[in-house]
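What follows draws every value from the coordinates through simple rules; no lab data is involved. What you are looking at is a predicted structure, and each value in this text was computed from that prediction instead of being measured. Reconstructed Cβ throughout: ideal geometry from the backbone, glycine too, with neighbour counts over all protein chains shown.
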Amino acid sequence: MSTSPAAEAARRRTFAIISHPDAGKTTLTENLLLAGGAIRAAGAVRARGQTRRTQSDWMKIERERGISVSASVMTFDHDGLMFNLLDTPGHEDFSEDTYRTLTAADAAVMVLDAAKGIEPQTLKLFEVCRLRDIPIITFINKMDREAQDPFELLDEVSSKLALDPAPLFWPAGSGGRFKGMMDLRSQQFIPYAKKSSTDEEGHPDPVAFNGNAIVQYLDPDERSELEDNAMLVTEAGKPFDVQSFLEGHMTPVFFGSALRHFGVDQLLAGIGAYAPAPKPAKASKAGAETHVAPGDNEVSGFVFKVQANMDPNHRDRIAFLRLTSGRFTRGMKLKAQNTGKAMSVNAPIMFFASDRELAEDAFAGDVIGIPNHGVLRVGDSLSETGSLRFAGLPNFAPEILRRVRVKDPLKAKHLKKALEGLAEEGVTQLFRPMIGSDFIVGAVGQLQFEVMADRLSNEYQLDVIFEASPYAEARWLVGERADVEDFENKHKSAMGRDIDDQPVFLGKSAWEIGYVAERYPKVRFERTKERG
Ligand code: GDP
C-alpha cells in the first residue's frame, strides 16, 4: 500500500451523522462501527459512554436528559478505507458546537425516522451542511416500524430540502410487514429477518429478485407491489449521479433499521464508494489566498473543538485537530498561526472505536486529539511553518445573556479563571462589560447554562447564580480602529470585551442595535465572529 500523503488522504472518509433527536443516530453509529468491524457487539458505544459518564459528573445532565452533549470522533479501518466518524451533539442548544464539528466533515449522513420524515432539527443541520457544501447521504431508519409511504418521504426530501433524492434501494413494506429491500441497480433482493443485531446469523443472503428463491421471502402480492414500485421509482426519479451528489444537488437514499442492523452494511459501502475524500482547503498565507492540498508536504490542520476533562484523572484539555495536509508524525512540532508559538505534539490521540491510542502518523481527513493546557483554542490553525490560516470557524452571537455571580465573594478571582476556561472551550461565551465588575455569559441555548453550572460546581467547586442581565443582544464591532474606538468611547455603558479582547456592543434589544447601527454606518455590528 502506498503511503504518500496524497494516497493516504484519498482513502479517508471523514463524515458526520446529522439527525433530529431520537431518529437513531447513536444506534446507527454503533451499527456502523459493527459493520466496519471496529467493535464486535452492539451495545459497545453505549457501554463505553456509560463508563465515561459514571466517571465524569458533569455528564449527569446527559444521562438525566437523555441527550448527548459532547462530540467525539471514532476512527476505523475497513475495506481499505479509513473512516472518521465525527459525532455531533443532538440537542438543538448545541447547534453551535455541531456547526463547528461539521466544518471538519467532508460528508454527512442524514438519518430520518421513517415514521416522522424531516423534523425541525434535521432541517437546521441540513442548512448548515448546505452552507458548507457538504454532500449528504440519506438513511431512512426504523423501517422495522410502521413507516410513512416511502414515496412521500422522498417528496419531503425534495420539497423541504430542495435536494433530488436518488434511492439506491427500495423497501418491501414496513413495520410488521417489513420484508427487506431491493437493490435497484443489481436487482437483488435483500431479505430482512426479524432478529436482533447481536444475533450471529444476521440476515439471509441476498437473492435475485427474478429468481426462484424470492418466493421464500415475498408472497406474489408483495412481489408484484415491490416490482411496480421499483419500476415507478426508477422511471420517475433521476438516476443517481455522483457529480450531482458531490455538488450538493442530489442525495443517494438508503433504507434500513439501525436497531436490527439491516441496511447498515449497504450504507457503509455507499459512504465508502461515494463520500468524497478530503478536498483542498481554502486558507490564507501572508495575507494572500491559497489552497492547501491534502497531498501537500507541509502538515497543517485546524482546531474545531476543545474539550476539557475527558479523562477525569487528567485536568488537560483536548484540542481536536482536523488535519488538512501532509503526513503528521508523533513528536512533530506545529506552530499556531495566530500566536506563532510552536508546540511539540508528543502525545497525539487517535480515537479508535474500541480505545484511544497514541497516533504514530495521521493524514488529511484524520482527527487527532492534542492534550494541552488551554493554549489551543477553537479556530486555531496549526502548521509546520505557522503561516497558514484556515477560515470559517465562526462564533455566533449568543441568544441568551446572563449575569453570573459566585455565591462566595472570596472566590471571584477563581470564577474569572473558570469562566475563561469554559469560554476558551467554546462551552459558553464570556463578556466583560467596560464598566463594573460583572461577568456576562452568553449562550445559544438554555441548556448550555446548565452544563456550565454543573461543570463550575464539579470541576471548579464554584456555586454560581445566573441572574437576568441588562443586555439581551451582543454584536461584535468591526471597522476602522478609530471609528470603533470612537463608538466605544461614546457607548461605554453598553460596551464589553470578549475572551479575545474584541469589542462587543451589548444591546438591550435587537431594536436598539438596529437603531444604533443606523447612526454609525462606519461600524459594522456582526452576528458572527471568525477567530484567527
Ligand atoms: P438518537 O437520539 O438519534 O441518538 O437516537 P437513538 O439511537 O438513541 O435511538 C432512539 C430510540 O430509537 C432508541 O430507543 C432506539 O432503540 C430506537 N431506534 C433506533 N433505531 C431504530 C430502528 O431502526 N428501529 C427501531 N424500532 N427502533 C430504533
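Things worth noting here:
- Taking the three principal axes of the alpha carbon atoms in the range 394-530, the coordinate ranges are 46, 27, 24 Å, sorted in descending order.
- Figure legend: label point modelled 7 angstrom from the Cα of residue 385 along Cα→Cβ; residues of the range 251-284 with amide N under 17 Å from it are 281-284.
- Rg/Rh ratio calculated on Cα atoms of the range 391-431 (Kirkwood radius): 1.05
- Relative contact order for the range 394-530, counting Cα pairs under 8 Å that sit 6 or more residues apart, in percent: 32
- Between the Cα long axis of helix 25-35 and the first principal axis of the chain there is an angle of about 60°, rounded to the nearest 10.
- The chain: proportion of alpha-carbon pairs further apart than 40 angstrom, %: 28
- FRET efficiency for residue 457 and residue 346, using Cβ-Cβ distance with R0 set to 35 Å, rounded to 0.05: 0.60
- Exposure proxy order (Cβ contacts within 10 Å, fewest to most) of 350, 343, 182: 343, 350, 182
- Here the residues 20, 373, ranked from fewest to most Cβ neighbours within 10 Å of their Cβ, fall in the order 373, 20.
- Near residue 472, once Lys and Arg are set to +1 and Asp and Glu to -1 for all other residues with Cβ below 13 Å from its Cβ, the sum equals +1.
- Taking the helices alone, the chain has a mean residue ellipticity at 222 nm of -8500 deg cm²/dmol, built from -39,500 (n - 2.57) per DSSP H run of at least 4 residues and averaged over all its residues.
- Peptides 431-441, 360-370 ordered by average Cβ neighbours within 10 Å, highest first: 360-370, 431-441
- With K and R counted +1 and D and E -1, the other residues having a Cβ less than 13 Å from that of residue 295 yield a net charge of +1.
- Where labels lie 7 Å past Cα in the beta-carbon direction, separation of residue 437 and residue 338 in nm: 2.8
- Taking label positions 7 Å along the Cα-Cβ direction at both residue 124 and residue 158, the computed distance is 2.9 nm, reported to one decimal.
- Full-extension gain in nm, residue 132 to residue 515, via 0.36 nm per residue minus C-alpha separation: 134.7 nm
- Working note: Cα atoms of the range 233-346, range along each principal axis, descending, whole Å: 59, 43, 20.
- The percentage of C-alpha pairs in the range 89-185 whose separation is greater than 15 Å is 63%.
- As a length-normalised measure over Cα pairs under 8 Å and 6 or more apart, the relative contact order of the chain settles at 14 percent.
- The calculated FRET efficiency for residue 243 paired with residue 282, based on their beta-carbon distance and R0 = 22 Å, is about 0.55.
- Taking a Cβ cut-off of under 14 Å around residue 79, the surrounding Lys, Arg, Asp and Glu residues balance to a net charge of +1, with basic ones at +1 and acidic ones at -1.
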